[in-house]
Amino acid sequence: MKDTIKVGRRGACQYVVDHIKKRWNTSKIAKLHCSGKPANNMKQLAHELEVATGGRVIFRSGGSILLLKHQA
């Protein structure tokens, strides 16, 4: 797996969503590392990322999230 996508204080902004979709062009899984304010409520951030990207969270622990590309 390639290096992680960093999610900063803005949370699930459009830049992060675009970066995840770009990563899915080469891999089925995107690894994210969250810091700052969004890391305080990881459950909500994971749900926002699922809705915004159309993917599925397969692992969430501490400040890390693994997001799987959803096959339609």
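The values are calculated or read from the model by the stated rules, or taken from the named source; none is laboratory data. Keep in mind the model is a prediction, meaning the values are calculated, not measured. In this analysis, Cβ positions are derived from the backbone assuming ideal geometry, glycine residues included, and neighbour counts consider all displayed protein chains. Only protein heavy atoms, including side chains, enter the accessible area calculation; ligands, DNA and RNA are left aside. Shrake-Rupley method; radii C 1.70, N 1.55, O 1.52, S 1.80 Å.
Data for the structure
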| quantity | calculated |
| --- | --- |
| Sequence of V16, V57, V51 from largest to smallest accessible area, 1.4 Å probe | V51, V57, V16 |
| Relative contact order %, the chain, counting alpha carbon pairs below 8 Å whose residues are six or more apart | 33 |
| Net length gained if the chain between V17 and E48 were fully extended (0.36 nm per residue, minus Cα distance) | 10.1 nm |
| Low-density loop positions, trypsin sites (Lys or Arg not before Pro), the range 1-47 - DSSP coil, at most 10 other Cβ in 10 Å | K2 |
| Within-10-Å neighbourhood charge of K69 [Cβ basis; K, R +1; D, E -1] | +4 |
| Sulfur and carbon atoms: percent of accessible area, the chain [1.4 Å] | 48 |
| Fully extended contour minus Cα-Cα distance, from N25 to R60, at 0.36 nm per residue | 10.4 nm |
